[in-house]
């Protein structure tokens, strides 16, 4: 059933890339018009899941099973039922009848139906106020802690988060790859399944036509370092920690080596004293 109740406009909360709150943003009306079509979304999700199947299941019919090319016994005179092969389906180890064979599970959904399903999923998330707009994802290098801090500041760390970037951004993708509840992908590649999988959707502002200038904020990590919250150990502490186990190992080695040498010397002296040649020398 299609629900076409059209609100005046959808507003989405906006944040900076570090999680600082900004003024709310109006979502584009041509896409966020309140349309939600459940049957179309079901069709799109069902086709998406079916297209993930490889269809490699296979069983062997009687002509592919090894053996059975000989008649097990003669046709008449044995008192048993006539048999032509031990690979027949009713024999143990025989072929399988009507078993699965490799096939394609692909389903085709027209482009306009896919677009309607995607639009419906976006409207469903907008009605739940589960769409947040981020001004810009501009990562110089992959940093999982940075993306994790953003999710935690938004208060959605316990939810499944879908992050949609404006085009392909490898550094953002690599930053979220190790977070199990975070999925990063370009806005143009998102499907109905991904939108319905998520609880919260973070969209980069430029992907939906907004040009939000980044806020003047201190670089990420600078405030933590000023507060002394850095988790990295100083170089001197690292060197001292690395030297301690090495010194302990060296001390153990020297103590063990000295004890072994002393034991060897004592054993040699005892052997010389107890040898018969030493006793003869003493008599002479």
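If you take the Cα centroid of the stretch 178-217 and the Cα centroid of the stretch 135-162, the two points sit 11 Å apart.
Normalised by 2.2 N^0.38 Å, where N is the number of residues, the C-alpha radius of gyration of the stretch 8-50 stands at 1.69.
As a rough footprinting exposure proxy, the listed residues 104, 85 were ranked by other beta carbons within 10 Å of their own, and the order from fewest upward is 104, 85. Peptide packing for 77-84, 181-188 was compared via the average number of neighbouring C-beta atoms within 10 Å per residue; ordered from the highest value, the list is 181-188, 77-84. Each residue in 103, 118 was given a count of other beta-carbon atoms within 10 angstrom of its own, and listing them fewest first yields 103, 118. Taking the fewest neighbouring Cβ atoms within 10 Å as the starting point, the ordered list for 21, 206 is 21, 206.
Quick note: the coordinates plus some simple rules give every number you see, no bench work behind them. Since the model is a prediction, treat every value here as computed from it, not as a measurement. For neighbour counting, all protein chains shown are included, and Cβ atoms are generated from backbone atoms with ideal geometry for every residue, glycine included.
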